[in-house]
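Presented below is the structure to which this report refers.
Each value in this text was obtained by applying a stated rule to the coordinates, not by laboratory testing. It should be emphasised that the depicted structure is a prediction, and the values quoted were computed from it without experimental measurement. Here the Cβ positions follow ideal geometry from the backbone for every residue, glycine too, while neighbour counts run over all protein chains shown.
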Amino acid sequence: MDAVSAGTTAGALSTDALAPVDRGFGSLDSDEFTRIILTELGNQDPLEPSDTSALLEQLSTIRSIESDTELNETLAQLADRSDFTAAAGLIGMNVTTSGDGSTQRTVASVGQNGDGVSVTLDNGSIVPLTSVTGVFGTADVAGSGAGS
């Protein structure tokens, strides 16, 4: 048992001090971790240098995770743009939606918010793109009976 856990076990700290800590090593970004490594290397005993291979491995892991996170964010942005482009192609088209699968409505406009891409129909209702269940051509074609 080390001195910190011994003091905690003995009741030397208040219950507030025992509350979960918001920040730990898991919340460090690579810059903060690099500063810690450099500080440790600068303060080590030159006659007994510490083994830094584990620290460098952790730094490499953190950078890999950051890279994966950035890649996932970029892919999500590309998927959103693709959805928006697909929805924009529906403007002027007759569509059916999962809420009203039998009634065809014309897509008047397209929008995007935190929930994703949505289309505004000619009756003023706004539905998520994922609710569009069918596409039946342009309103002009449908009006002449060719799209019905």
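See the values below:
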| quantity | calculated |
| --- | --- |
| HN-Hα J in Hz across the range 69-75 - Karplus 6.51, -1.76, 1.60, θ = phi - 60°, x for Gly and Pro | 5, 4, 5, 4, 5, 5, 5 |
| Net +/- balance of residues flanking L41 in space, Cβ distance below 14 Å, scoring K and R +1, D and E -1 | -3 |
| Sequence-distant residues sharing a close amide H with T138 (under 5 Å, placed H) | N94 |
| Residue-wise HN-Hα coupling along the range 78-84, computed from phi with Karplus coefficients 6.51, -1.76, 1.60 (Hz; x: Gly, Pro) | 5, 5, 4, 5, 5, 4, 5 |
| Positive minus negative residues near S131 (Lys, Arg vs Asp, Glu; Cβ under 15 Å) | -2 |
